[in-house]
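The structure appears below as structure tokens.
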Amino acid sequence: MSTPATHRVVDHLVIGSGFAGLAAAIKLDEDGERDLVVIEKGSDVGGTWRDNTYPGAACDVPSQLYSFSFAPNPDWSMSFSRQPEIHAYLQRVARESGVLDRFVFDTRVVAAAWDEESQRWLVETEGPTGSTTYAARTLLSGAGGLSEPKLPEIEGIETFQGEVFHSAQWDHSVDLTGKRVAVIGTGASAIQIVPELQKIVGRLDLYQRTAPYVLPRHDRTYSALEKAALRHVPGLQKLYRTAIYWGRETYVPAFTLQPRIAAPAKAAALGNLRKAVKDPVLREKLTPTFEIGCKRILISNGYYPAVASDNVELVTDRIEKITGSGIVTADGTEREIDALVVATGFHTTDIPIAHQITGRTGRTLAERFAEHGMAGYKGTTIPEFPNLFMMVGPNTGLGHSSMVFIIESQVAYIRDAIRTMRTHRLATVEPREDVTSQFNAGLQERMKRTVWTTGGCASWYLDSEGRNTTLWPRATFTFRRLLSRFDLAAYTVTGETSPVTTPSREAVSA
Ligand code: N01
């Protein structure tokens, strides 16, 4: 007998509890918007930092900046923190925030549809105790841009008899010690995995399609004295964070205006390669053929030395197919392996949550994106989708700085939107189509000059039409300024039909 569905009425429903969902829940709660629920598919908070547990997983943005401004952490052990420490940080922030009582774990959003009559989002979820439908005034998506692993479409991959897993779904029960392992991909995840695997495996075949630029990682452990100073000297940590922020912001013109400005970075990356790889043939294979910055610039001290090791072979021939026991390349060579790691990235321009959200007009967000490209107003709101707020939405990604800064800017905008709705007794806010297309026309015009467009590479930043719908093409302080106030004039609104009452947290059963 199936369990009857439960219905709950809430003010705000947040999807996901990574950096974005967590920040939204904490800040809404601070504003007195306590009638909220956070739906999390995993069994813990942390999002990408909960899921990506592959060996070597670390942040390539300095931790002082890659953390919440409202929850500074003087105890980071290193300048570029490792995944377990970032995950522990998020767990602690969640615990201390007092909002965890409204988190529903191990539960997926199956569908979310705008209901014109009640002017609410009807959100169907599926969890261990059955299904629940929430009727929410606002829907906040913090589902993340890098949450759905992308498997390569390679003939025969499903026939492989050994262990196979994606970098974001590492199977720690598999002991790879002494094994013959293949890694497909040489992106940000792979270059962190390879040095760790090289130390333990018998043989490692690394399948590279495009050589990335890899800069040295200026990583170091903070001393006890430094940590004490960051904790106790008033303003020091903020100053440190601010200095890192502005240091990073100086990279923006190289990405968005003139790639030649990045010549010193290019020289440093090629120098890093020359220093570690003496074999000219291998070095040639590892030399990028596009402009630096066109794909994400990677940082690692261990990657090139690992690739140059005796037990590693860099394979640049195209993969033809995968058999039950190995990988066959276009030249006809088959390399037998015991395990396969696919570090082939994520669904970024075809985000899965877009298929689950149906707007006012009856079409899904994915259907709208299929027509217009993945585009929104200020990366946060979308015409046809009233009261939907996307965090890490279209064109909000960065190639140079911390996504946490972007997320906090969006959360500030959403808070102001909700405050405005309360003040003006508005039932719905929806960005105007004309304003949205004007915003995106300007953004795509800027995009033409960026290295992501002119740099001569293919990357996950671009959609199937070659449009960059993932990155923000300006300074991050411009993004923050643009989102500092909720600009009601850019929206179509409807008023409340009934008086506003204090939000109810009561659950009603069907
Ligand atoms: O994924 P990617 P990722 N056959 O898409 C290759 C963030 N991140 O997981 O370059 C063969 O960058 C593909 O080749 P090519 C960060 O934003 C952050 O590494 O397309 N190869 C590429 O080499 C990053 O950008 C941190 O030619 C195939 C690789 O797989 C994002 O996550 C750490 C293939 C995919 O690289 C994604 O990084 C890690 C195929 N069929 C990740 N398909 C931080 O430190 C794909 N490839 C914050």
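The values are calculated or read from the model by the stated rules, or taken from the named source; none is laboratory data. Quick caveat: nothing in here was measured; it's all calculated off a predicted structure. Cβ atoms come from the backbone with ideal geometry, glycine included; neighbour counts cover every protein chain shown. Note: areas computed on protein heavy atoms with side chains; ligands, DNA, RNA excluded. Shrake-Rupley method; radii C 1.70, N 1.55, O 1.52, S 1.80 Å.
The orientation-averaged shadow of the Cα convex hull for the chain, equal to a quarter of the hull surface, comes to 25.5 nm². Axis of helix 403-423 versus longest Cα principal axis of the chain: the two differ by about 10°, to the nearest ten degrees.
The relative contact order of the range 9-143, computed from alpha carbon pairs under 8 Å that lie at least 6 residues apart in sequence, is 34 percent. Residue order by solvent-accessible surface for Cys457, Cys59 is Cys457, Cys59, largest first, with ligands and nucleic acids left out and a 1.4 Å probe.
For the pair Arg274 and Arg481, label points projected 7 Å from Cα toward Cβ lie 4.0 nm apart.
Over 31 Å apart at the Cα level, from the set Lys179/Lys275; Lys199/Lys285; Lys150/Lys227; Lys266/Lys448; Lys199/Lys295, are Lys150/Lys227.
Any chance you could run the full-extension gain for Glu367 through Lys321? It's 0.36 nm times the residue separation minus the Cα-Cα distance, nm to one decimal.
Roughly 13.3 nm would be gained on extension.
Taking the longest Cα principal axis of the chain as reference, the axis of helix 83-97 is set at about 20 degrees. By the rule of a second cysteine Cβ within less than 4.7 angstrom, the chain holds isolated cysteines at Cys59.
Largest first, the extents of the alpha carbon coordinates of the range 162-280 on the three principal axes equal 54, 39, 27 Å. Karplus-based coupling profile of the range 354-369, in residue order and whole Hz: 5, 6, 9, 9, 10, x, 4, 8, x, 10, 7, 4, 5, 5, 5, 4, with θ = phi - 60° in 6.51 cos²θ - 1.76 cosθ + 1.60 and x standing for Gly or Pro.
Rounded if a/c is under 1.5, else prolate if a/b is larger than b/c, else oblate: which is the range 382-491, with a ≥ b ≥ c the root eigenvalues of its Cα gyration tensor? It would help to have the intermediate numbers written out before the result.
Numbers: a/c = 2.44, a/b = 1.78, b/c = 1.37.
The shape class here is prolate.
Across the range 123-209 the C-alpha pair distances fall into 5 Å bins from zero in the proportions 3, 9, 16, 19, 14, 9, 8, 9, 8, 4, 1, 0 percent. Since only Tyr240, Val9, Thr469 are under comparison, the one whose Cα sits farthest along the positive direction of the charge dipole of the chain, derived from C-beta charges on Lys, Arg, Asp and Glu, is Tyr240. A simple spin-label model places pseudo-atoms 7 Å from Cα toward Cβ; at Met78 and Glu117 they are separated by 5.7 nm.
The distance linking the range 50-117 with the range 280-358 is 28 Å (Cα centroid to Cα centroid, whole angstrom).
Quick one: longest stretch of the chain between exposed loop trypsin sites (Lys or Arg not before Pro), exposed meaning at most 11 other C-beta atoms within 10 Å and loop per DSSP? Before the final figure, lay out the partial values.
Numbers: sites that count: Arg220, Lys278, Arg318, Lys448.
In the chain, the maximal stretch lacking such sites is 1-219.
If a spin label sat at a point 7 angstrom from the Cα of Arg419 along the line to its beta carbon, the backbone N atoms of the range 22-38 nearer than 17 Å would be those of 24-34. For Arg220 and Glu155, what is the calculated FRET efficiency with R₀ set at 41 Å and r taken between the beta-carbons, to the nearest 0.05? Plugging the Cβ-Cβ distance into 1/(1 + (r/R0)^6) gives 0.35.
Antiparallel versus total DSSP beta bridges in the chain: what percent is that, nearest 5? Working shown, then result.
Working: 35 of 75 bridges.
Roughly 45 percent of the DSSP beta bridges within the chain come out antiparallel.
When the Cα positions of Ala190, Leu206, His218 are compared along the charge dipole of the range 179-218, Leu206 comes out farthest toward the positive end, with charges on each C-beta of Lys, Arg, Asp and Glu.
Distances between placed amide hydrogens fall under 5 Å for Val315 paired with Leu206, Tyr207, Gln208, all partners being 5 or more residues away or on another chain.
The modelled label-to-label distance for the pair Asp44/Arg449, using points 7 Å beyond Cα in the direction of Cβ, is 4.5 nm.
Answer rounded, prolate or oblate for the range 312-424, using the Cα gyration tensor with square roots of eigenvalues a ≥ b ≥ c: rounded when a/c is under 1.5, else prolate when a/b is larger than b/c, else oblate.
Working: a/c = 3.90, a/b = 2.36, b/c = 1.65.
Prolate, since a/c reaches 1.5 and a/b exceeds b/c.
Pairwise Cα separations in the range 21-113 fall into 5 Å bins from 0 onward with the following percentages, short to long: 3, 13, 22, 22, 18, 13, 7, 2, 0.
How large is the charge dipole for the chain, taken about the Cα centre, if only the Cβ atoms of Lys, Arg (+1) and Asp, Glu (-1) carry charge, to the nearest 20 debye? Let's see the in-between values first.
Values: 55 positive and 58 negative charges, 411 e Å.
Rounded to the nearest 20 debye, it is 1980 debye.
Lys285 to Leu257: FRET efficiency via 1/(1 + (r/R0)^6), r the Cβ-Cβ distance, R0 30 Å, to the nearest 0.05? So the FRET efficiency works out to roughly 0.45.
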